[in-house]
Amino acid sequence: MKLNINGKPVEVAADPDMPLLWALRDVLGLTGTKFGCGAGFCGACTVQLDGEPVRGCQTPVSAVGTAKITTIEGLSASAWGRKLQDAWVALDVPQCGYCQAGQLLAAEALLRSTPKPTDADIDAAMSGNICRCATYTRIRAAIKQAAAA
Amino acid sequence: MNAPFTPSRRQVLQAAAVAGGGLSLGWRFSGAKASVPGALSAFVIIDANGAIRITAHQPEIGQGVRTSFPMMIAEELDVDWKQVTVVPAPGDRSVYGVQLAGGSSATPTQFERMRRLGAAARYMLVQAAAKEWGVPAGEITTGSAMLHHAASGRSARYADLAEKAAWITPPDVKTLALKDPSQFKILGTRIGGVDNRAIVTGKPLFGIDTRLPGMVYAAFAKSPVFCGKLKSANRAAALAVPGVKGLINIAERRDLKTEIDVGLPGIEKLPEGIAVLATSTWAAMKGRDALACVWEGGDAAFQSSTAWEAAAKKAHAEGPQKPGYMNHGNAPAKLATAAKKVSAEYSYPFISHAQLEPINATAHVKGDKAELWLSTQTPEDARRMVALALGLKVEDVTIHMMRSGGGFGRRLMNDFAVEAAVIAKAAGVPVKLQWDRGQDFAHDWLRPGGWHKLEAGLDADGNIIAWHDHFVSFGKDGKLNPTAVIDGSLFPSGVIKDFRADVTVLPIESTLGWLRAPINNAFAFVTQGFIDDCAIAAGREPLEYRRAVLGTPRAIPIAEEFSGETGEDMKGTPYNTGRMRGVLDKVAEMAGWGRKLPPRRGMGIAFHFSHLGYFANVVEASVANDGSVTVHHVWVAADIGKHIVNLSGAENQVQGSVIDALGAALGQRITFADGAVEQKNYGDYPLARMDMAPPVEVAFLSTDYPTTGLGEPAYPSVAPALAGAIYQATGKRLRSLPLDTSLLTV
């Protein structure tokens, strides 16, 4: 199976029904995408397909087709991605850090479609991503800082 | 190597490490580590190229300790933070002393110790420079990893003298001068987490990210009822799943209890089951599901939340198993003569840690050696438990401490490490064991639920003169589990002189454990709520009433005879009503307590002392006609002593604790049916999300007391303040967690 991951063609030997999450983590060694709930509740496994955030645990690898996959390992190829990463570091957003890859992928998609998000926009775009440490105050602030950068 | 005046480099390094630690005889180097050039102790290594390497030895679970502890060392070493590279440590008590992320204990127990480690290394560098330059050590100044002698105009980098400093006889730490806090350049500032860049770029940091050559992935089929027995399994179906490489039968073990650090058995029993080995986690889990195991029985099969609820109600109606379990003064007599009596019943459920990184462990067992890669809060416990389970020597078990994707107390327990080790031993190759979310809920070490029937006596002015609690919670053999104690460390014991607690113990076989601000996270809801009840009965205002309850500023000793697990680290510690009054007044001022609010909007106030920290908060919330609650703002005032180690991390911990606690109060509950946990995933166990996270404003009061920890004590007082806000908004007092907002509809 051929996939396009972070701008590069990649050959993946995986069962067609294997979720993209596990193909990335176990088959390809891209462990930045995280397993949280395996059922689409938490957003830890958020990646982008053609720029749209999707749940890696709910996306069979066979369903990806020619869509371009962006994972946390490829986020800095995006200007918004870099601004978000810098804001995350500047505002010291993470506690345990486990959810932050998914948060960043969701936030990048938000800023690409809505460069000056309101609080309501942030709520709508980010509420699918659980931060168990509840760093929401800083995630919100960092999205705004990246938007202003 | 030139060794002019010391018997051996290794002995010097041992001495240096001991001197640096000051408190532990075990902080020494192994022979191998002693050969590290520029090593001044196990914690400070100065490379010839100028890099300052500081070891972060405590388990990182999101509390920021990989940043805050090196900050303490760097401050006294007198280097700039940007010159520091933080390096990880393995789990090895013999080198690093206690390595434990629990009880918010790291900062209070090690703040001075870490500073002295840095100061000892600086001392050795200064002495080396004095010798080299032939000048008095007292004339040498330092800063930014440089040594200066003003009179002779000489300067050197730490790196230039590190090799020589390693030979200096280490100082007696008692004579070491520490910096005056007014000179702090790193401590008390905002320093970002050392792993932040790696986190935002997706680098492998966590236990779950471990990948080893030849590693197989494992899922473990075990009974959802704790220690149920395997009746049947479709092994052929599992083996037919593409990618499944083999099955391993795991036998139940009940011989694994051992002395560990955290006041509970680290593993109750290893349940029997079948480990599925595969080429991916996905295949292993598919294979596990294909087994379609049928289980029967199990020690916990009797467990039922409905039955427990009925038993608690019955106990409250008919009387306690253990009358007078705790008895200070004479509460019954005071109640009999009280001008007014107030009574109420409170309850709270089991809750789960629900840490986001599901439980996993990677193990490789080779002959008489085992190596594990763990997200754990207690690496030394894991080491001992694995050694016991495999019949190995403790020193033959190596623990690689990985970053934890959340702990909250779950990873104080190392049942998963034992499972992985046992499976890996049978597999003969490296194994990564992965639980799924359902197993994470099913086999957690839960915060126990509890029920309180309270009665208070008020005097003619409405002041509380007696407090009587009948506490129902869980344990075994008629004894409360350590995570469900009621003891003298818990307010208002001590503050209210006539205090009595009766106890009834309900039996449980599932595992109970420590969860963020254990015990306190439940009791604060009860005690602060009941203080509101008393205030209302007395016709008094909640803030003023709380001031009256606290009374004149004084230090009340925590009764030692009742100090259980919550009191363990508080022995000899007073409950300082003045410090509590300080945070209470501060938070009221921050929130503008008493402001006029629109209809169906209210404010609640609460305080609680736990983990040596004094916290008060105000919650402002509104209640819609359909009962839904919106939290608009939370204010927190905290007194954790003189210094805030890392202002950025500290504020983050408090804000996170508050929002976490709101999430728990508004929806989290674990229930049992037919012996097993009913909740399977975050769909039926809601965590706080962005759209419900209010602004949280935090103020730290600096008081003249030792600095204490922050991972936990901000949590307990949130739920009662929210309940207070709901009461003010609606006139309805919700006395059961999670708060049933359907009762608030109009």
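The values are calculated or read from the model by the stated rules, or taken from the named source; none is laboratory data. The shown structure was predicted, so the numbers you read here are calculated from the model rather than taken from an experiment. Ideal geometry is used to build each Cβ from the backbone, glycine not excepted, and the neighbour counts take in all protein chains shown.
For (1) more than 10 Å from chain B (Cβ to nearest Cβ); (2) assigned to a helix (DSSP H, G or I); (3) under 25 Å from B:VAL658 (Cα atoms), each residue gets a yes or a no:
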site	(1), (2), (3)
A:ASP86	no, yes, no
A:ALA101	no, yes, yes
A:LEU104	no, yes, yes
A:LYS144	yes, yes, yes
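Only one of these is of a type outside the set (Ser, Thr, Tyr), surrounded by fewer than 18 Cβ atoms within 10 Å (Cβ to Cβ) and within 14 Å of chain A (Cβ to nearest Cβ): B:LEU205, B:LEU212, B:LEU178. Name it.
Sole residue among the options that is of a type outside the set (Ser, Thr, Tyr), surrounded by fewer than 18 Cβ atoms within 10 Å (Cβ to Cβ) and within 14 Å of chain A (Cβ to nearest Cβ): B:LEU212.
Within the stretch A:107-115, is there a residue that is of a type outside the set (D, E, K, R), within 21 Å of B:GLN655 (Cβ to Cβ) and not assigned by TED's automatic domain parsing to the domain that holds A:LEU28?
yes
Give the residues of the stretch B:54-85 that are aliphatic (A, V, I, L, M) and closer than 23 Å to B:THR708 by Cβ, sorted by residue number.
Correct list: B:ILE54, B:ALA56, B:ILE61, B:VAL65, B:MET71, B:MET72, B:ILE73, B:ALA74.
Please specify each residue of the stretch B:39-53 satisfying the condition of being outside any loop (DSSP other than H, G, I, E, B) and either over 18 Å from B:PRO170 (Cα atoms) or within 14 Å of chain A (Cβ to nearest Cβ) (or both).
B:ILE52, B:ARG53
With B:ALA312, B:ALA290 as the choices, which residue is out of contact with any Gly (no Cβ under 8 Å at 6 or more places or on another chain) and assigned by TED's automatic domain parsing to the domain that holds B:ASP533?
B:ALA312
Looking only at helices (runs of 4 or more DSSP H) that lie completely in the stretch B:139-252, which have at least 1 residues being among the charged types (D, E, K, R) and without any contact (Cβ under 8 Å) to a residue 40 or more places away in the chain?
Qualifying helices (runs of 4 or more DSSP H): B:158-165, B:196-200.
Which residue is farthest from the other protein chains (Cβ to nearest Cβ), if the candidates are limited to the stretch A:24-36 and must be crowded, with 24+ Cβ neighbours inside 10 Å and either among the β-branched types (Val, Ile, Thr) or under 20 Å from B:ASP691 (Cα atoms) (or both)?
A:THR33
Return the only residue of B:GLY462, B:GLY475, B:GLY438, B:GLY494 being without any contact (Cβ under 8 Å) to a residue 60 or more places away in the chain and surrounded by fewer than 24 Cβ atoms within 10 Å (Cβ to Cβ).
B:GLY475
Name the residues in the stretch A:110-142 that are small (Gly, Ala, Ser) and either surrounded by 20 or more Cβ atoms within 10 Å (Cβ to Cβ) or in a loop (DSSP other than H, G, I, E, B) (or both), would you?
A:ALA125, A:SER127, A:GLY128, A:ALA134, A:ALA142
For B:PHE408, work out the one condition from (1) hydrophobic (A, V, I, L, M, F, W, C); (2) farther than 30 Å from B:LEU356 by Cβ; (3) part of a loop (DSSP other than H, G, I, E, B) it doesn't fulfil.
(2)
Out of everything in the stretch A:108-122 that is more than 15 Å from A:LEU49 (Cα to Cα) and more than 13 Å from chain B (Cβ to nearest Cβ), what residue ends up being farthest from the chain's Cα centre (by Cα)?
A:LYS116
For the stretch B:268-376, which strands (runs of 3 or more DSSP E) that fit wholly inside it have 3 or more residues that are aromatic (Phe, Trp, Tyr) and under 27 Å from B:LEU446 (Cβ atoms)?
So the answer is none; nothing clears 3.
Checking the condition away from every other protein chain (no Cβ under 14 Å) and at pLDDT 95 or above, which residue from B:ILE659, B:ILE726 passes?
Just a single option satisfies the conditions, and that option is B:ILE726.
Residue under question is B:ALA665, and the condition is that it be more than 10 Å from every other protein chain (Cβ to nearest Cβ) and in a helix (DSSP H, G or I); does it hold?
Yes, satisfied.
Condition first: of a type in the set (Gly, Ala, Ser) and closer than 27 Å to B:GLU380 by Cα. Can you find one or more residues in the stretch B:237-246 that meet it?
Checked the stretch B:237-246: no residue is of a type in the set (Gly, Ala, Ser) and closer than 27 Å to B:GLU380 by Cα.
Has the stretch B:28-41 got any residue that is at pLDDT 80 or above and of a type outside the set (D, E, K, R)?
yes
Exactly one of these conditions fails for B:PRO695: (1) of a type outside the set (Lys, Arg); (2) within 12 Å of chain A (Cβ to nearest Cβ); (3) surrounded by 22 or more Cβ atoms within 10 Å (Cβ to Cβ); (4) over 30 Å from B:GLU112 (Cα atoms). Give me its number.
Condition (3) is where B:PRO695 drops out.
Do we have B:ASP255 as over 27 Å from B:GLY103 (Cβ atoms) and assigned by TED's automatic domain parsing to the domain that holds B:PRO379 here?
yes
Pairs please, first residue from the stretch B:646-667 and within 16 Å of B:PHE408 (Cβ to Cβ), second anywhere and polar (S, T, N, Q) and in a helix (DSSP H, G or I), Cβ atoms under 8 Å, 6+ apart in sequence or on different chains.
Every condition considered, the pairs that remain are B:GLN655/A:THR137; B:ILE659/A:THR137; B:ALA661/B:ASN521; B:ALA664/B:ASN521.
Just need a number here: residues in the stretch A:104-149 that are among the small types (Gly, Ala, Ser) and in contact with a Ser or Thr (Cβ under 7 Å, 6 or more places away or on another chain).
Total meeting the criteria: 1.
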